[in-house]
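All remarks here apply to the structure that follows.
The values are calculated or read from the model by the stated rules, or taken from the named source; none is laboratory data. Keep in mind that what you see is a predicted model, and the values were worked out from it rather than measured. Every residue, glycine as well, gets a Cβ built from its backbone with ideal geometry; the counts of neighbours run over all protein chains shown.
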Amino acid sequence: MDGRGLTALIGLAVTFALLVPFLIPAIIDGRPPMPVAIVCAAATILAVLYLTHGDQRGDVAAGPPVK
């Protein structure tokens, strides 16, 4: 398994680490599910992109590539 596959598996673990203690209890407590899901999805995307692609600004921000 190459390094990218391993970091993808770590990203999967990060996803579950955000879902179980944050998203599910917030929805069960009666908080509005859409904003909670959006915040959780944004945090998951940022973490997984950083883990799988490294520190590249083009992955996070839209615009021309940074040289």
Can you tell me which residues in the range 34-55 are exposed (fewer than 12 other Cβ atoms within 10 Å of the Cβ) and assigned to a helix (DSSP H, G or I)? 34, 35, 38, 42
State all residues of the range 18-40 that are within 25 Å of residue 51 (Cβ to Cβ) and in contact with a helix residue (DSSP H, G or I) (Cβ under 9 Å, 6 or more places away or on another chain); if no residue qualifies, say none. 18, 19, 22, 23, 26, 36, 37, 39, 40
Quick one: which residue in 22, 16 is exposed (fewer than 14 other Cβ atoms within 10 Å of the Cβ), of a type in the set (Phe, Trp, Tyr) and at pLDDT 85 or above? 16
